[in-house]
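First comes the structure, then the notes that go with it.
Rule-based calculations on the coordinates, nothing more; no lab input. For clarity, every value in this text was computed on a predicted model and none was experimentally measured. Here the Cβ positions follow ideal geometry from the backbone for every residue, glycine too, while neighbour counts run over all protein chains shown.
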Amino acid sequence: MAEPSPKPYLTVRGSGSRELEIRKSRFICHLARVADEDEAQAFVAGVRKRYWDARHNCTAFVVGGEQPRERSSDDGEPAGTAGVPMLEVLRRRGVTDTAAVVTRYFGGIKLGAGGLVRAYGAAVSEALDGVGLLERRPVALLSVAVDHTRAGRLENELRAAGYAVAGLEYLADGVRIEVGVPEPATARFQAWLAEATGGSAAARPAGRTFVEVEV
């Protein structure tokens, strides 16, 4: 039985941070794209080490696709007022493979439970808006073998036609171009390739990969 194709998912474009000031407290949200729980924990540890003098470094992350793993921590804030609202923002925005740490420097004015929930949620939401999201879409990976004299032109034609060039490998006898193609469109791609190269290049299945599209 064929393995089912993975589904598209949203994640952050990369690492970044945004800062809010709420009633004299500073809330700095740090975001990163992470591949698994180990990477998420390493990112959290790095932020906590850098901001060791902060009152709190609260965390939330979501990793994985079909059955995501989620973790959150209030790091000394009243239970449920920091990590959980941070995690809820990640869930509501539908992002995964994403870790968030909100560093708080206390400004001397207590916010109350409701104020903390709003502040930590807002910090993550604004950071997501600032860093930006992209969709990772699963595609079939096809390997196209072509000679050196044709490779540059074919690469340009592939990009112009909207195909995702996933990699180039220069070999002694030619160039291997890896192309990401939506699985339902592989037959159409084979026909396009035959026409574009006069039948001189062929594509072979090379697994699956993801292409990234900004949203």
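For the reader, a short list of remarks on this structure follows.
- Only helical runs count toward this figure. For the chain, summing -39,500 (n - 2.57) over DSSP H runs of n ≥ 4 and dividing by all residues gives -10500 deg cm²/dmol at 222 nm.
- Normalising by residue count, the chain has a Cα convex hull of 149 Å³ per residue.
- Charge tally for Arg18 (other residues, Cβ to Cβ under 12 Å; Lys, Arg +1; Asp, Glu -1): -3.
- Dipole moment magnitude, nearest 20 debye, the chain about Cα centre, only Lys, Arg, Asp, Glu C-beta charged: 780
- Only one residue of Ala119, Val165, Gly16 has its Cα farthest out toward the positive end of the dipole of the chain, where Lys and Arg carry +1 and Asp and Glu -1 on Cβ, and that residue is Ala119.
- Comparing region 104-153 with the 2.2 N^0.38 Å rule of thumb, its C-alpha radius of gyration ratio is 2.49 (two decimals).
- Relative to the Cα centre, the charge distribution of region 137-214, modelled as +1 at Lys and Arg Cβ and -1 at Asp and Glu Cβ, gives a dipole magnitude of about 140 debye.
- Values of log10 I(q)/I(0), in the order q = 0.16, 0.19, 0.21 Å⁻¹, for region 9-131 under a Debye, Cα-only, solvent-free model: -0.65, -0.93, -1.14
- Annotation: lysines with alpha-carbon distance below 29 angstrom to Lys24 (same-chain offsets under eight excluded): Lys49, Lys110.
- The chain: angle of helix 37-50 to the longest principal axis, Cα-based, in degrees nearest 10: 50
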